[in-house]
Amino acid sequence: MRIVIGEDSVLLRAGLAKLLADGGFDVVAAVPDAEQLLRAVAEHRPDLALIDVRMPPTHTDEGIRAALVIRHQYPQVAVLVLSQYVEERYATDLLSVQTSGVGYLLKDRVAHVSEFLDALRRVAAGGTALDPEVVAQLLVRRRDDPIDRLTPRETQVLRLMAEGRSNTGIVDALRVSHSAVEKYVSSILAKLDLPHTDTDHRRVLAVLKFLRT
Amino acid sequence: MAGRPEGVYGDHVTSTEAAIPRLRGGALITVLQGLWSAPGRRATLHTLAGLPAGVVSFAFAGGLPVGLGYSAGWSLLYAPGSAWPATTGFVVLTVAVVLLLPLIVRPLTAMQRLRSRALLGVDIPPPPRRGGGRLIGAWAAAGMWRQLAYHVLALFTGVLGAVVTAACWLVGVAMAVVLPLELAGGWDTGWSLPATLALAVVGPAVLLAAPWVARGVARADTAAARALLGPSRSEQLSVQVASLSRSRADIVAATDAERRRIERDLHDGAQQRLVSLAMNLGMARANLTDTPEPARRAIEAAHDEATQALAELREFVRGLHPAVLNDRGLDAALSGIAARAPLPVRLSVTMTARCSPVVEAIAYFVVSEALTNVAKHAHAGHAEVTVDRVGDRLRIAVTDDGRGGATADGDGSGLRGLAQRAASVDGTFTLHSPAGGPTTITVELPCAS
């Protein structure tokens, strides 16, 4: 799998390149700002672009804007955005163009190598990976609505669904049985009045749409 | 004192002080020196200069407009047809002079202030400068009328002061010359003995009084100048308030800028390094599966510590001034702190328009501090944050279902710091926390600060 990295910190750029190379990925370019990132994506057409949010010149949301440009111009290139802080507003922006092949994670997550690489593969394969913090931020925004009717366990499952996890992923995370997870999921979808779908991806979309509205 | 060597003692006294007691008739010399001492001398010069200065002041500030106005009025009443060019000229000049009076008064005031500073060493505070329309604005300025009054008054105080002071000196000096001659019989003035004796008493008295009269006149003139030429009490206060508000706003903005700088420094420095460290340890942990147990344990512990430190640092930095606050505003930034609180928080923000960056930063700090406080002290199960913009005010309410009884007293209290931050932009802080709860903190901030 071919990857382009956009990260202004020399230390992290080298670290990420090494991490990905060790994980069996092919890092075709690693650049320090958004402008060079867009050029590298145009040139290499990678499978995935790994992007830092704060990059020169203004150090605000360059990475988000670059990711949106990539989503618009090269829909086949998945984007995984990394940041020291995650913001639901940026997540909403990222998901507004297209909800498949998008990831938005805290930089801390790279320290847990195998989980991070899993998320990266999931995004590259057209899935979604939202940081639990983003999901938590989306949840604090909901008032007086069906979410209040969820049990604590169901809320937990909803969070994992929103992060982009499949049923198997949820089983691993909560250490419960497959059938239990299936039961929770259908109960949640019923309570929130969301459509039942076969694919994990469409289910994530439904949950995110629900959280964002 | 007695044991001191004379040379050392002598070093500590001035030559004049040392000299006086040794001279015979020292008292007389002291009196005469007092007569021509620096304050008396300066006051005399200042008072004498008051006469020409007063004449100039009055001539331009009072005489010129009144004279022209009188001439214009006379021409209009008694000779309207016969000498119309002169009449028109007088009327135009009168109007022009009255309109331009502020421009005439300004140099006159400068002259009188210069007299005080140069001759008396006293600084009269400058009159306040007002913006706005140049002529009308200058006329409308409150100080204008008071300055005008001073310049009109200056003629009378100047002439009177100078005449009285000069008279004292002249009479005194004349008596000091004439009387000894008269008494010695060298000059027959033809005065009767009682008159001569009376003059012998009055003459020196007048001479001795002269510097004090001059100083009195100078003091009265200075008082009048301070009251009429300088800013009034309310003007002084309003200048002071303006300057205090400005410096307070500067401090608030500087604090805000400093928090941003610290946030940026930590983001670019320590945080990146910690991420890198945690990532390297994570790689080591993942790859070194065949290393001996103790080494692996050590790596695992280090990895856990590093990720923990990273999370704590992020928590801290996020409380300072997140980039998203500038970028997307208060509404967007609050999601982060509400979600990170260790208890369930409901957040509702209704803002139609953004507030000034400083106010947004303070509002952010308020919510962050309030939630930290709830988590630490309230023993609450839930908290609710509501932010509304009502007109040009931002209203922030943080409610929790904890045990209540919170106070904003005490130096260490987070609530106190919160109240201070609100007050720094003229905001209000109210705390409602009955024992048993619930607790509501309400902060209102003016949006435009």
Can you put B:Cys447, B:Cys168 in order, fewest other beta carbons within 10 Å first?
B:Cys447, B:Cys168
Helix A:34-44: inclination vs chain A longest Cα principal axis, degrees, rounded to 10, gives 90
Candidate lysines for bridging to A:Lys209, where Cα separation is under 17 Å - those fewer than 8 sequence places away on the same chain excluded
A:Lys191
Mean Kyte-Doolittle of at least 1.0 plus a Cα span of 27 Å or more along the axis: flag which DSSP H helices in chain B meet both, please.
B:84-115, B:142-184, B:193-228
Beta bridge orientation in the protein assembly as shown: antiparallel %, DSSP, nearest 5
45
With 10 angstrom as the radius, rank B:Glu258, A:Glu163 by how many other C-beta atoms surround their C-beta, starting from the fewest.
B:Glu258, A:Glu163
Can you spot the lysines whose alpha carbon is less than 21 Å from A:Lys107's alpha carbon? Ignore those fewer than 8 places along the same chain.
A:Lys18
Listed residues B:Gly336, B:Gly40, B:Gly282; largest mean-square fluctuation, Gaussian network over chain B with Cα springs below 10 Å, found at B:Gly282
Taking neighbour Cβ counts within 10 Å as the exposure measure, how do B:Trp212, B:Trp36, B:Trp169 sort from fewest upward?
B:Trp36, B:Trp212, B:Trp169
Please identify the cysteines of the protein assembly as shown that lack any partner cysteine with a Cβ under 4.7 Å from their own Cβ.
B:Cys168
Just round it to a whole percent: the fraction of Cα-Cα distances in segment B:326-446 exceeding 19 Å.
41
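Readers should treat all values here as calculations from the given coordinates under stated rules, not as data from a laboratory. Keep in mind it's a predicted model, so treat the numbers as computed, not measured. Cβ coordinates were reconstructed from backbone atoms using ideal geometry, including for glycine residues, and neighbour counts include every protein chain displayed.
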